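Working notes, beginning with the structure itself.
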């Protein structure tokens with residue numbers, strides 16, 4: 001089933017899939033494909049960078065949940081609900097996010113382009129780390145990959161993405177996207 005193209009609906013779908021993986025997590029200290037990160041760090045990343053991005057670029061203050069250290073499930077739930085409420089608010093249609101690196105964008109489009117896409121990709125990290133379903137929507141994988149390939153140099157120089165991981169030429173689009181963002185699509189958690 002393809003994801004919606006509407007920012008509010010797509011966030012609902014992507015955050016829902018991420019929430020399912022959060023709820024299915026039993027070991028918050030499990031290593032992830034992101035070097036040096038455990039599963040808890042993935043939730044921390046999403047709940048910490050995005051509120052600052054919104055506050056600086058659009059003057060939006062999101063509701064904050066408990067610290068990820070104390071309750072990663074509740075921290076994610078409060079954060080995700082706050083983002084969804086922002087996207088569902090009719091006033092958001094008239095808001096703009098301004099950032100020195102990306103210029104001015106409609107707020108809902110900025111959320112979709114930078115945040116929802118990040119949640120989508122990190123869904124694989126948690127799923128792979130915790131033995132859950134790690135399949136991603138292939139159409140959205142293809143869209144993201146096409147968009148990111150056109151700005152690869154800027155992405156790599158930002159420090160937000162690791163070096164491209166080579167994958168076979170005939171690899172599926174999910175594996176190609178993961179390799180592009182610096183993940184080894186064949187990574188498995190260490191056996192203890």
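All of (1) touching a helix residue (DSSP H, G or I) at 6+ places or on another chain (Cβ under 9 Å); (2) closer than 26 Å to residue 38 by Cα; (3) part of a loop (DSSP other than H, G, I, E, B) hold for residue 168 with one exception: (2). Listed by first and then second residue, the pairs with beta-carbon distance under 7 Å, at least 6 apart or on different chains, first residue in the range 1-19 and closer than 12 Å to residue 115 by Cα, second part of a loop (DSSP other than H, G, I, E, B), are 10/3; 10/4; 14/3. Among residues that are in the same structural domain as residue 25 (by TED's automatic domain parsing), over 14 Å from the mean Cα position of the chain (by Cα) and crowded, with 16+ Cβ neighbours inside 10 Å, residue 117 is not included.
Of the residues making up the range 74-91, those that are surrounded by 12 or more Cβ atoms within 10 Å (Cβ to Cβ) and either out of contact with any helix residue (DSSP H, G or I) (no Cβ under 9 Å at 6 or more places or on another chain) or without any contact (Cβ under 8 Å) to a residue 60 or more places away in the chain (or both) are 74, 75, 76, 77, 78, 79, 81, 82, 85, 86, 89.
Residue-wise test of (1) modelled with pLDDT of 95 or more; (2) touching a strand residue (DSSP E or B) at 6+ places or on another chain (Cβ under 7 Å); (3) assigned to a helix (DSSP H, G or I).
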{"site": "4", "(1), (2), (3)": "no, no, no"}
{"site": "41", "(1), (2), (3)": "yes, no, yes"}
{"site": "73", "(1), (2), (3)": "yes, no, yes"}
{"site": "83", "(1), (2), (3)": "yes, no, yes"}
{"site": "91", "(1), (2), (3)": "no, no, yes"}
{"site": "101", "(1), (2), (3)": "no, no, no"}
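Would you tally the residues in the range 114-148 being closer than 20 Å to residue 5 by Cβ and either in contact with a strand residue (DSSP E or B) (Cβ under 9 Å, 6 or more places away or on another chain) or part of a helix (DSSP H, G or I) (or both)? Count: 20. Within the range 157-184, the set of residues being in contact (Cβ under 8 Å) with a residue 60 or more places away in the chain and either more than 17 Å from residue 118 (Cβ to Cβ) or surrounded by fewer than 12 Cβ atoms within 10 Å (Cβ to Cβ) (or both) comprises 184 only. Being in contact with a strand residue (DSSP E or B) (Cβ under 8 Å, 6 or more places away or on another chain), assigned to a helix (DSSP H, G or I) and at pLDDT below 95 is the requirement here; does residue 154 meet it? No; evaluated as a whole, the condition is false for this residue. Residues in the range 39-73 that are surrounded by fewer than 17 Cβ atoms within 10 Å (Cβ to Cβ), in contact (Cβ under 8 Å) with a residue 40 or more places away in the chain and farther than 21 Å from residue 111 by Cα: 73 only. Of the residues making up the range 14-39, those that are part of a helix (DSSP H, G or I) and more than 16 Å from residue 120 (Cβ to Cβ) are 23, 39.
The values are calculated or read from the model by the stated rules, or taken from the named source; none is laboratory data. Predicted model, so just to flag it, every value in this text is computed and none were measured. Methodologically, a virtual Cβ is constructed for each residue, glycine included, from the backbone with ideal geometry; neighbour enumeration extends over all protein chains shown.
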